Amino acid sequence: METTLVLLKPDAVRRNLIGQIIARIEAKGYVIEAIDMRSAERLTLEAHYEEHLGKPFYEPLIEFMSSGPVVALQVSGHRVIEGFRTLAGQTDPTVAAPGTIRGDFGRDWGRAVVENLVHGSDSSLSAERELYIWFGESGEPREA
Ligand code: IDP
Ligand code: MG
């Protein structure tokens, strides 16, 4: 059994796509273990995206992720880390396959950062690290 971190980014919340995206996760058969809508603190986002520090889109990415509430989910199932990445589709929504979340709901808006609706952990190490950042060891939401 695996658990992954899924984030519904501020564009997904603004566009009222929370329900449609979660419906796809549930329809696939994965289990929502925890869910929490919150305004992410900058420190949380810096920890979450530390691998991208120094890249040209880093600051726009932090700003975008701070631009409105996000929904953090703990999702479980065998091979869910890989499986959710497949559901999400490629990073660039212009080339993400139709049938994926990013392919069906996303597009290029010509902004400094790619707005692509969802985040999913990319490995078991990332999942463990990110679940700790967003939910803490207990599995309880970390920020009130
Ligand atoms: P991922 O979300 O598919 O794992 P990452 O490479 O980890 O993609 O990048 C994190 C996020 O940063 C992306 O989801 C996207 O929002 C943004 N991003 C990634 N690459 C670029 C880029 O080349 N230009 C602008 N934004 C980018
Ligand atoms: Mg990534």
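All of the numbers you see were taken from the coordinates with simple rules; none came from a lab. Here the structure is a predicted model, which is why all the values come from computation and not from measurement. Please note: Cβ atoms are built from the backbone with ideal geometry, for glycine as well, and neighbour counts cover all protein chains shown.
A few remarks follow.
- Selection of region 1-34 for residues being β-branched (Val, Ile, Thr) and either closer than 14 Å to residue 119 by Cβ or surrounded by fewer than 20 Cβ atoms within 10 Å (Cβ to Cβ) (or both) yields 4, 6, 13, 18, 21, 22, 25, 31, 32.
- Residue 88 vs. criteria buried (at least 16 other Cβ atoms within 10 Å of the Cβ), within 15 Å of residue 24 (Cα to Cα) and either free of Cβ contacts under 8 Å to residues at least 40 places away in the same chain or in contact with a His (Cβ under 6 Å, 6 or more places away or on another chain) (or both): yes
- Pairs are defined by a Cβ separation below 8 Å, a sequence spacing of at least 6 or placement on different chains, a first member in region 106-134 that is within 17 Å of residue 69 (Cα to Cα), and a second member that is β-branched (Val, Ile, Thr) and more than 14 Å from ligand 2 (Cβ to nearest atom); the pairs so defined are 117/21; 117/101; 118/21; 118/101; 133/44; 134/44.
- Count of region 91-105 residues, restricted to those that are exposed (fewer than 15 other Cβ atoms within 10 Å of the Cβ) and in contact (Cβ under 8 Å) with a residue 24 or more places away in the chain, is 2.
- Residue, nearest to residue 21 (Cα to Cα), within region 54-92, restricted to residues that are part of a helix (DSSP H, G or I), among the β-branched types (Val, Ile, Thr) and within 13 Å of ligand 1 (Cβ to nearest atom): 86
- Residues within region 124-136 that are within 14 Å of ligand 1 (Cβ to nearest atom) and either farther than 19 Å from residue 53 by Cα or in contact with a strand residue (DSSP E or B) (Cβ under 6 Å, 6 or more places away or on another chain) (or both), tallied: 2
- Residue in region 115-124 that is outside any loop (DSSP other than H, G, I, E, B), more than 14 Å from ligand 2 (Cβ to nearest atom) and closer than 21 Å to residue 37 by Cα present: no
- Residue within region 48-55 that is more than 15 Å from the chain's Cα centre (by Cα) and over 23 Å from residue 124 (Cα atoms) present: yes
- Among residues of region 39-49 being in contact with a helix residue (DSSP H, G or I) (Cβ under 9 Å, 6 or more places away or on another chain) and not in a loop (DSSP other than H, G, I, E, B), the one that is nearest to ligand 2 (Cβ to nearest atom) is 48.
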